[in-house]
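The values are calculated or read from the model by the stated rules, or taken from the named source; none is laboratory data. Only a predicted model underlies this, so the values are computations on that prediction, with no experimental measurement involved. Cβ placement follows ideal geometry from the backbone for every residue including glycine, while neighbour counts extend to all protein chains displayed. For accessibility, only protein heavy atoms count, side chains too; no ligands or nucleic acids. Shrake-Rupley method; radii C 1.70, N 1.55, O 1.52, S 1.80 Å.
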Amino acid sequence: MTNEQLIKKCLDGNARAQKLLYEQFGPKLMGVCFRYATSGEEAQDLLQDGFIKIFEKLDKYSGIGSFEGWMRRIIVNTALDNIRKNKKFLLHTDIDDADYKLPSNDFIEERLAAQDLLKILQSIPLGYKTIFNLYAIEGYSHKEIAEQLNITTSTSKSQYSRAKALLRDKITKLNLT
């Protein structure tokens, strides 16, 4: 079944089609949720909330561009909404977690598996993780991040720089480089 057929059936209220859509795209979108969540349970909640929004807004999908990309955007926005709700914790960092070095090299060895990086990324403070995800993985500009999170562009840049340094430090401590 094509995406267009699946979308049409979902719009008609076909529960089986909705389940198929969830099963087809849920695992990929769960990966996005994990990058923004602080726990597995929170990632599952984000995925569920995101799919509710996907089904509510499905009639707004124009058919132009990637359907998966459209859903991914909704999931990212759902995660950002969750972060905004808890914003008082966003840029606050425990002093022990804030220890980082200035960047010396801007690379990650090939030996670092994606799963290892995800675990390390989960261990950094939420503010750093959010901005790193938005900039390095989702491709947002610092200006867009600043607008989304209601912070300054320079704050976005500095948080990204600190996130990279902290990630680099954690990778070095684990002897992954």
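Here is how the numbers come out for the structure above:
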{"item": "Extension reserve of the residue 122-residue 60 stretch, reckoned as 0.36 nm per residue once the Cα distance is removed", "result": "19.0 nm"}
{"item": "Percent RCO, i.e. relative contact order, over segment 1-78, from Cα pairs under 8 Å lying at least 6 residues apart", "result": "32 percent"}
{"item": "Residue 158 paired with residue 173, simple spin-label distance in nm, labels 7 Å along Cα-to-beta-carbon", "result": "2.3 nm"}
{"item": "Pairs beyond 19 Å (Cα-Cα), from 85/129; 9/60; 19/53; 19/85; 53/119", "result": "19/85; 53/119"}
{"item": "Segment 12-79 - percent of accessible surface contributed by carbon and sulfur, probe 1.4 Å", "result": "50 percent"}
{"item": "Stretch gain in nm, segment residue 141-residue 20, where the contour uses 0.36 nm per residue and the Cα spacing is subtracted", "result": "40.2 nm"}
